[in-house]
Amino acid sequence: REAEAIARAALRDTIVAPFVRASAPLFGRRSRSGVGADVAPRPETSDDTNGPTKTSHAPYAVCAEYPARLNLAGGWTDTPPYSLERGGAVLHVAVLTEESERPGSSSGGGRLRRPIAATVSVRSDVSARGVVRLVTDAARGAEAQTETVASTRELLKHDDPTHAFALLRAAVCLAVCPECVPLLEKDTRADGKTRTEKDVPLPDLAAALEAFTGVKNAGLEVRARVDLPRGSGLGTSSVLALALLHALHEAGTRERWEPGGLKPGERWAGRTNVLRFGKEGIGEVDARASASRATSRSPSARDAFNAVLAVEQMMTTGGGWQDQIGGALEGARLTRSRPALMPECFLSDELECLPSYATRAAALPPAAAAFLSRRLVCVFTGTCRLAATVARSVVDAWTRRAPGVETALRTCAALGA
């Protein structure tokens, strides 16, 4: 058991370290230095206070919405460490959900929506300075919950996946202050003993938020909404992590993010809008502000997918890549990953040593797609499970090279392909 724990910690560091030690942060205002070529010109407008070279101190809010995903075949071949050592293959599809016309009704007829959403708002005043307010909206019978975080040390308490705010803490930590994330090497003193809190000075959260947003006295509110049953197996945790990183990045840069590296035929399924601020707080979509933003293509889609791998490792759930890719790209598609874990890449600082991905969309005629959409029903049995529990059994079996595990995973990949 001790060896398995050490192996899990080493795997975590292999995936997280490239983001912790990156020469330039991937998300927020700090990521803009040195990537001017990735920023498209802003359309001419009479109000250019939110441009990349000047940041308005007015409140600013962005909402990112994503589909869920259905996994049809190939699951578990996307999960590290298998996907770092072998090629994975998953057949999956992004799906919208139908909103009932009447509360409590299951008769259908409602509008289609992206059921997974993250909203990030930036405020600038003395009372908000250095504070991150985390909110999970009420949905599907779950009550709304709120937590206030006022230090980077509190953000680092993200390694209990059963905690209501573990995912939000981990996503904010990776985006805002990745250099704070502990690693085995950072947590070991020269005498071999584990570092204590006194041994590891952490940056001030207020300073980190100001650097992330470019706004003086900045504070964040990070709000998550998932209109699906908890533990339903529709990839909500990883897709929500991607939505959180997306909204955090756009709130920090005040630019629209269009991921770089997409191939012809790959259409991003996530959508974002700038929201208005009113007397009652965040309100409706501000169409003018949404349309007038500059466009950024950094980080790449690949780096964003791998950033979700890092968030999952920080939470100790250890998920794979199929959920975030399945929810991020429109349509049904086969996604393959290229293994990237070579001896020279172990515990590397390079993002290039994490997996790369290639997708192929299903050639489905519009009439066939419409037929399936009208008749596809997803039934929730009420049985919930924590993905980390299932994933750990697969990960540990692969790490031990348990008899039959490689044959089983190769068969899963063949089914996906």
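Condition check ((1) open to solvent by less than 30 Å² (accessible area, probe 1.4 Å); (2) within 22 Å of Val311 (Cβ to Cβ); (3) over 19 Å from the mean Cα position of the chain (by Cα)) across all residues:
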| residue | (1), (2), (3) |
| --- | --- |
| Leu228 | yes, yes, no |
| Gly231 | yes, yes, no |
| Leu240 | yes, yes, no |
| Ala247 | yes, yes, no |
| Arg267 | no, no, no |
| Glu280 | no, no, yes |
| Ala294 | yes, no, yes |
| Arg297 | no, yes, no |
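Considering only region 384-417, state which residues are free of Cβ contacts under 8 Å to residues at least 12 places away in the same chain and β-branched (Val, Ile, Thr).
Correct list: Thr389, Val390, Val405, Thr407, Thr411.
Give me a count of the residues in region 349-392 that are within 18 Å of Glu266 (Cβ to Cβ) and either part of a loop (DSSP other than H, G, I, E, B) or of a type in the set (Phe, Trp, Tyr) (or both).
5
Kindly check whether there is at least one residue in region 312-319 that is touching a Lys or Arg at 6+ places or on another chain (Cβ under 7 Å), open to solvent by less than 30 Å² (accessible area, probe 1.4 Å) and not acidic (Asp, Glu).
yes
Kindly evaluate Ser100 against the criterion of being more than 23 Å from the chain's Cα centre (by Cα) and modelled with pLDDT of 85 or more.
no
Let me confirm something: among Ala251, Ala218, Ala208, which residue is surrounded by 22 or more Cβ atoms within 10 Å (Cβ to Cβ), within 16 Å of the chain's Cα centre (by Cα) and closer than 17 Å to Phe27 by Cβ?
Ala251
Which of the residues spanning region 133-161 are farther than 18 Å from Leu202 by Cα and either touching a Cys at 6+ places or on another chain (Cβ under 8 Å) or not hydrophobic (A, V, I, L, M, F, W, C) (or both)?
Arg133, Thr136, Asp137, Arg140, Gly141, Glu143, Gln145, Thr146, Glu147, Thr148, Asp160, Pro161
Out of the residues in region 128-153 that are closer than 24 Å to Ala208 by Cα and either basic (Lys, Arg) or free of Cβ contacts under 8 Å to residues at least 24 places away in the same chain (or both), which is least open to solvent (accessible area, probe 1.4 Å)?
So, considering only residues that are closer than 24 Å to Ala208 by Cα and either basic (Lys, Arg) or free of Cβ contacts under 8 Å to residues at least 24 places away in the same chain (or both), the one least open to solvent (accessible area, probe 1.4 Å) is Glu147.
Here's a check for you: in region 1-11, which residue that is part of a helix (DSSP H, G or I) and not hydrophobic (A, V, I, L, M, F, W, C) is surrounded by the fewest Cβ atoms within 10 Å (Cβ to Cβ)?
Glu2
Specify which of the listed residues (Thr55, Thr14, Thr77, Thr45) is modelled with pLDDT of 90 or more, polar (S, T, N, Q) and open to solvent by less than 50 Å² (accessible area, probe 1.4 Å).
Residue meeting the stated conditions: Thr77.
Name the one entry in Ser105, Ser83 that is surrounded by fewer than 24 Cβ atoms within 10 Å (Cβ to Cβ) and either modelled with pLDDT under 70 or more than 30 Å from Ser292 (Cβ to Cβ) (or both).
Only one candidate qualifies: Ser105.
The values are calculated or read from the model by the stated rules, or taken from the named source; none is laboratory data. It should be emphasised that the depicted structure is a prediction, and the values quoted were computed from it without experimental measurement. A quick note on method: Cβ atoms are made from the backbone with ideal geometry, for glycine too, and the neighbour counts reach across all protein chains shown. For the accessible areas, the whole protein counts, side chains as well, though only heavy atoms, and no ligand, DNA or RNA atoms are used. Shrake-Rupley method; radii C 1.70, N 1.55, O 1.52, S 1.80 Å.
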